[in-house]
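The values are calculated or read from the model by the stated rules, or taken from the named source; none is laboratory data. Just so it is clear, the model here is predicted, and its values are computed rather than measured. Counting neighbours? That spans all protein chains shown, and the Cβs are built from the backbone with ideal geometry, glycine included.
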Amino acid sequence: MEKIETPLKDCFILKPRVFSDARGSFCESYNKKTFKSATGLDIDFVQDNQSISSYGVLRGLHFQKGNMAQAKLVRAIQGRVLDIVVDIRKGSETFGQSYSVELNNENNLQLFVPRGFAHGFITLTNKAIFAYKCDNYYDKESESGIIYNDATLSLDWHLPKEDFIISDKDLELPGFEEVIS
């Protein structure tokens, strides 16, 4: 497993070794010892989640607050997604900065999203299966988010806005300035 740094502090990409032959391919998507060796982090992932989304589905930007904050290890099992993270940790040298990466079933990349980051993705193909490990349990009372089109962040979701499919809940999320105040 190779660790690839991103411009955001503590956020990185993991590239697993993929073995391919005439039968197809194989990769070890997660191994706690390998993860710790590659990253130096001893994280106890306690919950796995998976979503299936059609083209244009935008989920995010989500995070959990306080003691229920979550670090995530995310990947696309099928299809292609544009994954976007925003550092919302006050005092971080990359506070307020964002990063995006395409995750798909061909590049097998995974993105490690530290606690204190808002996270979202948009589906770029007809269908995508998105999976993520979390180091803390979901807690409805701690959930929060930032509106996808916040003017301060100026995020590029790579698709025309008319193609977006967004839940009513995500359309009501507050802006970045409101979240950080």
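Assorted remarks:
- Within the stretch 32-46, the set of residues being of a type outside the set (Asp, Glu), under 14 Å from Phe112 (Cα atoms) and in a loop (DSSP other than H, G, I, E, B) comprises Gly40, Leu41, Ile43, Phe45.
- The stretch 159-181 - residue that is exposed (fewer than 13 other Cβ atoms within 10 Å of the Cβ) and not in a helix (DSSP H, G or I) and, of those, nearest to the chain's Cα centre (by Cα): Ser167
- Among the numbered conditions (1) more than 19 Å from the chain's Cα centre (by Cα); (2) modelled with pLDDT of 95 or more, the only one that Gln50 does not meet is (1).
- Selection of the stretch 93-151 for residues being of a type in the set (Val, Ile, Thr), surrounded by fewer than 21 Cβ atoms within 10 Å (Cβ to Cβ) and under 23 Å from Gly56 (Cα atoms) yields Val101, Thr125, Ile129, Ile147.
- Checked against the criterion of being in a strand (DSSP E or B), out of contact with any Phe, Trp or Tyr (no Cβ under 8 Å at 6 or more places or on another chain), under 20 Å from Asp10 (Cα atoms) and of a type in the set (Ser, Thr, Tyr), the stretch 83-92 contains not a single residue that satisfies it.
- Considering only residues in the stretch 22-58 that are over 30 Å from Asp163 (Cβ atoms) and of a type in the set (Gly, Ala, Ser), the one that is surrounded by the most Cβ atoms within 10 Å (Cβ to Cβ) turns out to be Ala38.
- In the stretch 1-21, residue surrounded by the most Cβ atoms within 10 Å (Cβ to Cβ) [restricted to those that are at pLDDT below 95 and part of a loop (DSSP other than H, G, I, E, B)]: Pro16
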